[in-house]
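Let me begin by presenting the structure, written as structure tokens, before commenting on it.
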Amino acid sequence: MDFSDTPNEAKFRKDARAWLADNATLRDGTEKVQDAFMANTPEEVTAAQAWQKRKADGGWAGITWPKEHGGRGGDEMQQIIWNQEEGRYKVPPNIFVVSSGLVAPTLIAHGTEQQKTEILPTLLSGEGVWCQLFSEPAAGSDLAGIRTRARRDGDDWVITGQKIWTSGAHYSGYGILLARSNVDVAKHKGLTMFVVKMDAPGIEARRIKQISGHSSFNEVFFDEVRIPDSDRLGPVDGGWRVAMTTLTNERYTLAIGRSVGGMRAEELIALAAGVTLNGRPAIENDQVRAKIAEFASRQRGMEFTSYRIMTALSRGKEPMVEGSIGKLLLGKLRQEMASFALELSGSAAGIGETPKDEAGLWRVDYLTAPGNRISGGSDEIQRNIIAERLLGMPPEIRADKDTPFSQLK
Amino acid sequence: MDFDFSNDQEEIRQAVARLLDDHTSFAKSHDLLDQGTGFDRDLWASLAEGGWLGVSIPENYGGSGMGPVELAVLAEEMGRTLAGVPFGAAQYLAGPALVEFGSEAQKSALLPALATGQKIVTVALAENSGFAPDAVASKVVDGCISGVKSPVSDGAVADVAIVAALDENDAAGLYIVDLKGDGVQVDPLDATDPTRPQSRLVLTGAPADKLSGADAAAINRLIDGAAVLVAFEQLGVAAHALDISTKYALDRTAFGRPIGSFQALKHRMADMFAKIELARSNAFFGAWALAENDERLAEAAACARLTALEACQFACEESIQIHGGIGYTWVADPHLFLRRGWHLKAMLGPATIWSERLVGALKTPTEKAV
């Protein structure tokens, strides 16, 4: 149990601080809230790519990646330190979480040597922004029910179908695509994973507007899109296992991404100090203080939970299921905090009326939180994972698990 | 950085867990419950014999000189096994107070007896529904305390109490009081957890031996440290309450399948687990802050306390519901956990008090490395 730096970690932190001081500007509390992992404007995409490139050139992009793949070869504790230090600076949204958090571990586990050699360096440098083409209109939580077809044609595969909820597809150069290659076997057994270039003929991405007002995800249509077999990721009909690697990494990437929680409890204190409740500053109200304390204790706990996940990783354990805990707690906390903040403004109840428009920031948080409770596996899916894999409860009844896909209703 | 127990600490856990598993059982807890006074003397003797009562007492006073993190390991196991012994008040509060503020004579007189279990030591902080220095009204005049302290864990069996009281200048301090001596009246209280008996001490000019330097700030620090250790005990209770629930949910069938296969119960147990793990993360930070005497101890302790209170109460309450009708009966085990949870809540007070402590700690800006 040691929350302080070892001498090596202190050296790493010092180096990181020095580099950041030379290359970025400290946050000063006036930053507009943003999606931590999503760009909402083309300018944000450009800025994010430039920042990623600069980090890659400085040797700070792939901290835990093996040196053979161009990374720093560091450990998870160094990643925590980097996240802490980078978090103090004004930096663009990290639109590379799919690339580095999901695609990279999937490639390292299942890719061919050629795929690793060609793709991994581009993930680090930020040239290639990646998206994850999994969910479909008729298959979200029940991912194995996807219908997008992959038909073999000579050395190519031909893809036809529709994906949805694809974050960042409109600015991604590449995607990993799960498609149905075999309809004559049970639904989990006929899937294959591919790497796809998003500018290939026959692909069309249409943006979807979310309740937050942002448009960070898309519908993606595939019309006879040709993919060479060399871009297949993992075995034919073996895509489910590949996808599981991606999804387990997604859960804990979301759980350990510190900034995804949005506003901090300290910002609630500042808000409560500035608004009036029953003729007194709201911060002097006992109910307000009790809620702020509850939120703060949960937020701290989540932060330390992410550190525990990193510790398990650094000890060579695979705590992937534990990512579900952080994922489960995060969205709900964000939603409750933002709702409380909006109510703090009393009769205005979230209508921004100050020049700084603090209510506006909280409103964006409030309207972003529902997405946190769905993306990367809904709250309900996370609870199933915890109950089944950590607590040993019986799995859900899956009436269709042995039926060939072609015979499913 | 390393956010988990070390291998050595896990070995300590296994050793103490073996001893506790050998000497505790639900049947024994039920006996203590029905009896309503006293404690598990067989377990107490075994803990003393194994050296487990002196874990964080320095070696030159008969202990083994380990730190708060090792004590946290013990606390979690004591909670898990619902141990019915006068452990917490002595180990989390009285021991640290004596080690830090006792004179050589005071330490020599009490620490070896505490470490070997020869004397039962408790603390009497609470009165007027509070336990922090600002709630104290008991008064020391000419070296003798008068006042009413309540509740006091194990007051009926303890030999000595460390009592919080005001001096002639109304400054809070800590005093050693011989509970077998003059001016001490011990009244039994009706506790939610009769396996951990509570008392009211009525002190009428009881001779008091001051612990020098234990001022209000020091008492608050001791309370913060104890909150961290109690959080581990709460984690032990909560995790075991969840454990008996999952076992029951696999065993019990309804509508032709185990009730643990229904999402209504799966999801509730997942929520129990998530709350426990969240509290565990805060407790880990608290243990480190306590061991390092970090400036963030107050914040860390309040976070650990608040999330442990929530996790423990939720797990214990829902454990009864998951057990259904049988869980509502006296002879069943789930209410043992619920009662212990309330004992640990009473020990340092509920969330209302700790929310205030946390907001107070957060308002003091400090340069945060983490």
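With touching a His at 6+ places or on another chain (Cβ under 8 Å) and surrounded by 24 or more Cβ atoms within 10 Å (Cβ to Cβ) as the only criterion, which of B:84, B:79, B:95, B:88 stands out?
Numbers: B:84 fails: touching a His at 6+ places or on another chain (Cβ under 8 Å); B:95 fails: touching a His at 6+ places or on another chain (Cβ under 8 Å); B:88 fails: touching a His at 6+ places or on another chain (Cβ under 8 Å).
Just a single option satisfies the conditions, and that option is B:79.
Can you find, within region B:264-293, the residue that is surrounded by the fewest Cβ atoms within 10 Å (Cβ to Cβ) among those that are of a type in the set (Lys, Arg) and either closer than 17 Å to residue A:326 by Cα or at pLDDT below 95 (or both)?
So in region B:264-293, the residues of a type in the set (Lys, Arg) come out as B:266, B:268, B:275, B:280.
Remaining after also requiring either closer than 17 Å to residue A:326 by Cα or at pLDDT below 95 (or both): B:268, B:275, B:280.
Details: B:268: 20, B:275: 25, B:280: 24.
Within region B:264-293, the match that is surrounded by the fewest Cβ atoms within 10 Å (Cβ to Cβ) is B:268.
Tell me the residue from B:126, B:135 that is without any contact (Cβ under 8 Å) to a residue 24 or more places away in the chain and of a type outside the set (Lys, Arg), please.
Details: B:126 fails: without any contact (Cβ under 8 Å) to a residue 24 or more places away in the chain.
On inspection, the qualifying residue turns out to be B:135.
When residues in region A:266-285 are screened for being part of a loop (DSSP other than H, G, I, E, B) and without any contact (Cβ under 8 Å) to a residue 40 or more places away in the chain, 3 of them pass.
Per-residue answers, yes or no, for (1) in a helix (DSSP H, G or I); (2) modelled with pLDDT of 95 or more; (3) within 14 Å of another protein chain (Cβ to nearest Cβ); (4) surrounded by fewer than 18 Cβ atoms within 10 Å (Cβ to Cβ):
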| residue | (1), (2), (3), (4) |
| --- | --- |
| B:18 | yes, yes, no, yes |
| B:29 | yes, yes, no, no |
| B:56 | no, no, no, no |
| B:60 | yes, yes, no, yes |
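Does residue A:190 satisfy the condition of being crowded, with 20+ Cβ neighbours inside 10 Å and under 13 Å from residue A:219 (Cα atoms)? Criteria not met by residue A:190. For residue A:206, the test of being farther than 17 Å from residue A:163 by Cβ and of a type in the set (Lys, Arg) is failed. Beta carbons closer than 7 Å, at least 6 apart along the sequence or on distinct chains, pair a first residue in region A:199-220 that is without any contact (Cβ under 8 Å) to a residue 60 or more places away in the chain and among the β-branched types (Val, Ile, Thr) with a second that is crowded, with 16+ Cβ neighbours inside 10 Å and part of a strand (DSSP E or B) for A:203/A:220; A:203/A:222; A:203/A:225; A:208/A:217; A:208/A:218; A:208/A:219.
If I filter region A:137-156 for residues that are in the same structural domain as residue A:218 (by TED's automatic domain parsing), assigned to a helix (DSSP H, G or I), touching a Phe, Trp or Tyr at 6+ places or on another chain (Cβ under 7 Å) and farther than 30 Å from residue A:67 by Cβ, do I get at least one hit? Walk me through how you get there before you give the answer.
Pass one, region A:137-156, residues in the same structural domain as residue A:218 (by TED's automatic domain parsing): A:137-156.
From what is left, the residues that are assigned to a helix (DSSP H, G or I) are A:143-145.
Pick out the ones that are also touching a Phe, Trp or Tyr at 6+ places or on another chain (Cβ under 7 Å) and you get A:143-144.
Of the ones still in play, those that are also farther than 30 Å from residue A:67 by Cβ are A:143-144.
Checked against the condition, which is being in the same structural domain as residue A:218 (by TED's automatic domain parsing), assigned to a helix (DSSP H, G or I), touching a Phe, Trp or Tyr at 6+ places or on another chain (Cβ under 7 Å) and farther than 30 Å from residue A:67 by Cβ, region A:137-156 yields at least one hit.
Taking the criterion of being within 23 Å of residue A:363 (Cβ to Cβ) and aliphatic (A, V, I, L, M), the residues of region A:271-312 that qualify are A:271, A:272, A:273, A:275, A:277, A:282, A:283, A:288, A:292, A:296, A:302.
When we screen A:135, A:167 for residues that are crowded, with 18+ Cβ neighbours inside 10 Å, within 21 Å of the chain's Cα centre (by Cα) and free of Cβ contacts under 8 Å to residues at least 40 places away in the same chain, the only hit is A:135. Only residues that are surrounded by fewer than 21 Cβ atoms within 10 Å (Cβ to Cβ), under 23 Å from residue A:374 (Cβ atoms) and modelled with pLDDT of 95 or more: list them for region A:211-242, please. If the condition is that a residue be surrounded by fewer than 21 Cβ atoms within 10 Å (Cβ to Cβ), under 23 Å from residue A:374 (Cβ atoms) and modelled with pLDDT of 95 or more, then A:219, A:221, A:240 are the ones that fit.
Matching residues to (1) more than 15 Å from the chain's Cα centre (by Cα); (2) under 29 Å from residue B:358 (Cα atoms):
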site: B:150; (1), (2): yes, yes
site: B:161; (1), (2): yes, yes
site: B:190; (1), (2): yes, no
site: B:195; (1), (2): no, no
site: B:207; (1), (2): yes, no
site: B:223; (1), (2): no, yes
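Evaluating residue B:307 against the criteria (1) among the β-branched types (Val, Ile, Thr); (2) within 8 Å of chain A (Cβ to nearest Cβ); (3) over 25 Å from residue B:1 (Cα atoms) leaves one unmet condition, (3).
Screening B:291, B:264, B:304 for residues that are closer than 19 Å to residue B:350 by Cβ and in a helix (DSSP H, G or I) leaves exactly one candidate, B:304. Scanning region B:240-266 for residues that are more than 11 Å from every other protein chain (Cβ to nearest Cβ) and either charged (D, E, K, R) or touching a residue at least 12 places away in the same chain (Cβ under 8 Å) (or both) yields B:240, B:241, B:244, B:248, B:251, B:252.
Within the option set A:24, A:16, A:10, being within 14 Å of chain B (Cβ to nearest Cβ), of a type in the set (A, V, I, L, M), surrounded by fewer than 21 Cβ atoms within 10 Å (Cβ to Cβ) and out of contact with any helix residue (DSSP H, G or I) (no Cβ under 7 Å at 6 or more places or on another chain) holds for one residue only, A:10.
Which of the residues spanning region A:197-210 are in a loop (DSSP other than H, G, I, E, B) and surrounded by fewer than 20 Cβ atoms within 10 Å (Cβ to Cβ)?
Our first condition is that a residue be in a loop (DSSP other than H, G, I, E, B); within region A:197-210, this holds for A:198-202, A:209-210.
Of everything in region A:197-210, those that are in a loop (DSSP other than H, G, I, E, B) and surrounded by fewer than 20 Cβ atoms within 10 Å (Cβ to Cβ) turn out to be A:199, A:200, A:201, A:202, A:209, A:210.
Answer yes or no as to whether residue B:349 is more than 8 Å from chain A (Cβ to nearest Cβ), surrounded by fewer than 24 Cβ atoms within 10 Å (Cβ to Cβ) and without any contact (Cβ under 8 Å) to a residue 12 or more places away in the chain. So residue B:349 fails the test.
Here the condition is being without any contact (Cβ under 8 Å) to a residue 12 or more places away in the chain and assigned to a helix (DSSP H, G or I); of B:325, B:286, B:360, it holds for B:325 alone.
Here is a list: A:265, A:282. Which entry is within 11 Å of chain B (Cβ to nearest Cβ) and either in contact with a helix residue (DSSP H, G or I) (Cβ under 8 Å, 6 or more places away or on another chain) or buried (at least 18 other Cβ atoms within 10 Å of the Cβ) (or both)?
On the way: A:282 fails: within 11 Å of chain B (Cβ to nearest Cβ).
That would be A:265, the only listed residue that is within 11 Å of chain B (Cβ to nearest Cβ) and either in contact with a helix residue (DSSP H, G or I) (Cβ under 8 Å, 6 or more places away or on another chain) or buried (at least 18 other Cβ atoms within 10 Å of the Cβ) (or both).
Select from region B:281-298 the residues that are under 18 Å from residue B:358 (Cβ atoms) and either more than 7 Å from chain A (Cβ to nearest Cβ) or basic (Lys, Arg) (or both) and list them in ascending order. Once the filter is applied, which keeps residues that are under 18 Å from residue B:358 (Cβ atoms) and either more than 7 Å from chain A (Cβ to nearest Cβ) or basic (Lys, Arg) (or both), region B:281-298 yields B:283, B:286, B:289, B:290, B:294, B:295, B:296, B:297, B:298. Across region A:82-109, the qualifying residues are those that are of a type in the set (D, E, K, R) and in contact with a strand residue (DSSP E or B) (Cβ under 7 Å, 6 or more places away or on another chain), and the one among them that is farthest from the other protein chains (Cβ to nearest Cβ) is A:90.
The values are calculated or read from the model by the stated rules, or taken from the named source; none is laboratory data. The structure displayed is predicted, hence computed values, not measured ones. Neighbour counts run over all protein chains shown; Cβ positions are idealised from the backbone, glycine included.
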